[in-house]
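The next block holds one structure in the form of C-alpha cells; read it before the comments.
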Amino acid sequence: MATDGTPEPAAKRCGEAIARLRTTRRWSRAQLVIRLFDELAPDDPSYNSISETWLARLENGRMVKVPRQTVEAICRALRCTPQERAVVLLHADRNVLTDHEHEPTVTGELLTYVVDRLHTEAHDVLNTLVGHRDLATLDELELLEITSTALDLLIARRCKQQSVGDGRAAVSGTFARNGHNGHNGHITLVPRLSSKTGA
C-alpha cells in the first residue's frame, strides 16, 4: 500500500478484471453486491463497507487495497470458472496456489517455481503457441496441451545443458527411468484424440 493512499496497481488491475467479468455476465453492480454478501463472512474486513459505491470504486481503480479473502469472495459471487479465478488472482497479485488461511504447501512451492521457469524461459514459445487467440476461446485441454508442449521443450533444454555440462548424453534419473526424452528442443503439437475413435 502506498503511504500516500494511492491505489496499488494490483488493486486497479483486479478491479478492471472484475468489471470485465461482471459486464460479460450482464450483471448490474447491485446484482453482484447481493451475491457478494452471500459469499462474505461477517468478519471479512470489507463486509461493512460493501455497497454499489464500494464496487464502483474497486472497478474504477480507486480502491487502495483489496484483501485476499474479499477477492476470493468476489470470484465466488461471480461464479468464476477456475481459469477466470486464476486470472483475477493474477491481476490482484495473489498466488492461485495458496490462500489467506493456509501456509504454502510443498506442491504449491514446486508448481510456483516451475511456472516461473516456464514464464521466464519459455515465454516466447507460449506466445507462439497461443498466437493471436483470446485465451477465453481455448478450452481446458488446449491450455494444458500448450503448457505441456512448452514444459517438454524446457525439459529438453535442461537435458541438453546437463549433457554438455557432464560431457555425456545424460538425462536426469527420474526421466531416464520413465523413458522421458522430451522433444529434443523442438516444438511438436500433439493432435487431440477424437472422442469418436473409441480410444
Apply the a/c threshold of 1.5 to the C-alpha gyration tensor of the range 9-91 and tell me whether it is rounded, prolate or oblate.
rounded
If the chain between residue 106 and residue 158 were fully extended at 0.36 nm per residue, the gain over the current Cα-Cα distance would be 16.5 nm
Could the peptides 86-96, 60-70 be put in order, highest first, of the mean number of other beta-carbon atoms found within 10 Å of their residues?
86-96, 60-70
Compute, for the range 69-126, the length of the dipole vector about the Cα centre, with Cβ point charges of +1 (Lys, Arg) and -1 (Asp, Glu) only. Units Debye, rounded to 20.
280 debye
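What does the net charge come to around residue 58 if you take all other residues with beta carbon closer than 13 Å to its beta carbon, with K and R at +1 and D and E at -1?
+4
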Using only the alpha carbons of the range 125-164, determine the length spanned along each of the three principal axes and report them from longest to shortest in whole angstroms.
40, 18, 7
I'd like to know how the range 1-141 sits against the 2.2 N^0.38 Å rule of thumb: what's its Cα Rg over that expected value?
1.13
If you find the alpha carbon centre of the range 76-113 and of the range 17-52, how far apart are they in angstrom?
19 Å
Would you mind computing, in nm to one decimal, how far apart the modelled labels at residue 13 and residue 31 are, each placed 7 Å from Cα along Cα→Cβ?
2.8 nm
Chymotrypsin sites (Phe, Trp or Tyr not before Pro) restricted to DSSP loop in the range 1-71 with at most 16 other C-beta within 10 Å:
27
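Each value in this text was obtained by applying a stated rule to the coordinates, not by laboratory testing. Keep in mind the model is a prediction, meaning the values are calculated, not measured. Positions of Cβ are generated from backbone atoms using ideal geometry, with glycine treated the same way; all protein chains shown enter the neighbour counts.
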